[in-house]
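The values are calculated or read from the model by the stated rules, or taken from the named source; none is laboratory data. Because the structure is a prediction, the values reported are computed rather than measured. Cβ sites come from the backbone with ideal geometry, for glycine too, and all protein chains shown count toward neighbours. These accessible areas exclude ligands, DNA and RNA; they are computed on the full protein's heavy atoms, side chains included. Shrake-Rupley method; radii C 1.70, N 1.55, O 1.52, S 1.80 Å.
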Amino acid sequence: MMTRSPQGRTNRLTRPSIAVAAAVAVTAGVVAAAPDAKTAEPTPKLSLIAASTSVTLDSWKDDPGVYLDLGTYLTSENGAFELKVTRKSYKDPVVATQVLRNGKKTTTKALPAGLVKDFSGLPGFAQVSVTDAAGKTVLKQTEAFCPNNASGRIRPDAPANSKYPQSCPVNPFTLGSVWGVENGWASNTYAGYYAKPVQLAAGTYTAKISVTKKYRDLFGIANKPQTVKVTVRERSWEEEEGSGSAAPRSAKSAAGTQGHTGHTGHGGHEGHQQAADAPAASAHAAHGAPARPEAPAARTTGAAPTFNVGHGPYPPAPPALPWALKKESLQRQAFSAAKVGDRPGQTDGSRQAPAAEPNAKRPTGKATVPDVPKPDLRSLPAYGITVSDGYEDDPGKDYLAFSANVWNAGPAKLVVDGFRSPGKELMDAYQYFYDAKGKQVGYTPTGTMEWDPRPGHEHWHFTDFASYRLLKADKKESVRSGKEAFCLANTDAVDYTVKNANWHPDNTDLSTACGQENSISVREVLDVGSGDTYTQDLPGQSFDITGLPNGTYYIQVLANPENRLKETNHKNNSALRKVVLGGKKGARTVKVPAHDLVNAN
């Protein structure tokens, strides 16, 4: 398993976003006064505002393109703006429902069928047009809006914290999500790292931003476009170096300079360590010198960890790099990738995740499995499926790489503690059980945890959490992945509509969840509604298909294969994904048919 760097989340914005949030508070304070709670209407009042009348955007010579974060926000007054987005199964379309709360009374309003296609946000929500200094329109486009974007309060008596999740999931096999703008808060309408950069020459422009008519009509938003003056300045990485400010190159451009091609990996556990293992130069080497903002990462095409993927200022997982490049980076420890995504102690580039604290000592007394709620582990179908060669490690070999996710449908979280006796290499693992009030009422031994010392790993793995198998067309086993030990973390919001789903899980990173080499105990947790994605794209993890004949196969993701963990239902632990292998040795191909309505490889 490749290590991930820390991946928890709090609502802490990056430095540019802090300034924007401050501007939002000032601007919105004038635009919207706090309503009287006794006379507030149950339907939230939504408004589009601009944090500032002008913004300065950078276009980098080595990373051409401008990201149109224009500082516009959707505010919600008279109550929170909340949407519940679900699908019954992968055979059913995604549907959205607005949730209206008035005190203890809750009502729902079904939104038009087909309004949303996935769980990444409201498509075509904002209309953006840009004119140059001569008044010529140089850009006109619509952008999606994730209500869970980076946000902030617009008045001091608003709730101190937003109850809503902090990004919209993009895992293709997501089952349910909750989106919302908290009452008295504002959420950035910028589509973030899922919007493509636009080509604008250095100069001055005028941007006009509005909510498209179908959403104005649907949610009763006033037609009040916002106008923002835009200054585009061209900057150079080399010039920044010359001025004494070390500016990191993007991972994409760095990968290009190395000249490596081949298999592109994906996010999840695999993707995060790329940034952590690849130190970048500090953007603040010279005090007072202009620092290059971190280049936005390209959207990963596979198992992006959706807690980090976010819109607005939250970068997604680092761009996937070929294994040859990652291997070189691990060996040299000097690869100059961009500081995108995760790095030690941080996940979205801005946050320190709290550690999950194990019990002070191993449990005593008789092991019991009480009649209390337990977790329900389920597998998602494999995705991010590609073919790669063995590179210099295994020349002439062909491998089938994929991403896999096991998630917890609840209604109880999975809690496993590991304890090591002095001098022993393995930890003894125990699963804990809790009553409705959160009191621990039982435990049972559940295998072991082992330390993986390999570079890029270096954390404690819980054994037998999942297994991966490549089955023949008759669904009999053909090849088994060597990967069966895992460090558990909540990388993906799979279904936040299930009972007891935790919209703000803590242990979403490996550096705090998986311990250190000298740890004497460790706690690993898989929270309700969340899943743990691993990308199997290295020899020993991916499937060796060198000697397999062309034809139809199934990738099986199997949770809790030895049934060591106690859970609600052991009959829903397997998921299959059909693949068709073709090509010749050294140039194998894979076709991935749609899985019901999910057409994502």
- Message: Anything in segment 116-131 that is buried (at least 18 other Cβ atoms within 10 Å of the Cβ), part of a loop (DSSP other than H, G, I, E, B) and of a type outside the set (S, T, N, Q)? List them, or say none.
- Response: VAL116, ASP118, PHE119, GLY121
- With respect to SER236, is the statement that it is of a type in the set (Ser, Thr, Tyr) and either surrounded by 22 or more Cβ atoms within 10 Å (Cβ to Cβ) or within 29 Å of the chain's Cα centre (by Cα) (or both) true? no
- Message: Quick check on LYS196: is it open to solvent by 20 Å² or more (accessible area, probe 1.4 Å) and more than 25 Å from THR86 (Cβ to Cβ)?
- Response: yes
- Message: I need the full set of residues from segment 427-462 which are at pLDDT 90 or above and either surrounded by fewer than 20 Cβ atoms within 10 Å (Cβ to Cβ) or outside any strand (DSSP E or B) (or both), in order please.
- Response: ASP428, TYR434, ASP435, LYS439, GLN440, VAL441, GLY442, THR444, PRO445
- Could you say which residue among LEU70, LEU74 is within 22 Å of PRO225 (Cβ to Cβ), assigned to a loop (DSSP other than H, G, I, E, B) and modelled with pLDDT of 85 or more? LEU70
- Expected single match for surrounded by 15 or more Cβ atoms within 10 Å (Cβ to Cβ), in contact (Cβ under 8 Å) with a residue 60 or more places away in the chain and not polar (S, T, N, Q) among VAL85, VAL94 is VAL85
- Within the set of pairs 6+ apart or on separate chains, which have a first residue in segment 370-382 that is over 15 Å from TYR534 (Cα atoms), a second that is assigned to a loop (DSSP other than H, G, I, E, B) and basic (Lys, Arg), and C-beta atoms under 8 Å apart? LYS374/LYS566; PRO375/LYS413
- Task: Could you please let me know if VAL99 is open to solvent by 20 Å² or more (accessible area, probe 1.4 Å), of a type in the set (A, V, I, L, M) and at pLDDT 95 or above?
- Result: no
- Message: I'd like the full set of residues that are open to solvent by 40 Å² or more (accessible area, probe 1.4 Å), assigned to a strand (DSSP E or B) and in contact with a Gly (Cβ under 8 Å, 6 or more places away or on another chain), limited to segment 551-589.
- Response: VAL580, THR589
- Task: Could you grab the pairs with beta carbons closer than 7 Å, sequence gap of 6+ or different chains, first residue in segment 122-147 and without any contact (Cβ under 8 Å) to a residue 12 or more places away in the chain, second one open to solvent by 30 Å² or more (accessible area, probe 1.4 Å)?
- Result: THR137/THR131
- Any chance GLU77 is surrounded by 17 or more Cβ atoms within 10 Å (Cβ to Cβ), over 28 Å from the mean Cα position of the chain (by Cα) and of a type in the set (Asp, Glu): yes
- Message: Being in contact with a Ser or Thr (Cβ under 8 Å, 6 or more places away or on another chain) and more than 30 Å from TYR432 (Cα to Cα) narrows it down to one residue among VAL557, VAL598, VAL592, VAL579; which is it?
- Response: VAL579
- Which of the residues that make up segment 199-225 are open to solvent by 30 Å² or more (accessible area, probe 1.4 Å) and either within 19 Å of the chain's Cα centre (by Cα) or more than 30 Å from LYS61 (Cβ to Cβ) (or both)? LYS213, LYS214, ARG216, ASP217, LEU218, GLY220, ALA222, ASN223, LYS224, PRO225
- Cross-chain or 6+ apart pairs with Cβ under 8 Å, segment 555-574 first and free of Cβ contacts under 8 Å to residues at least 40 places away in the same chain, then crowded, with 20+ Cβ neighbours inside 10 Å and polar (S, T, N, Q): HIS570/ASN560
- Take the residues in segment 482-507 that are touching a Leu at 6+ places or on another chain (Cβ under 8 Å) and hydrophobic (A, V, I, L, M, F, W, C), then tell me which one is modelled with the highest pLDDT. VAL494
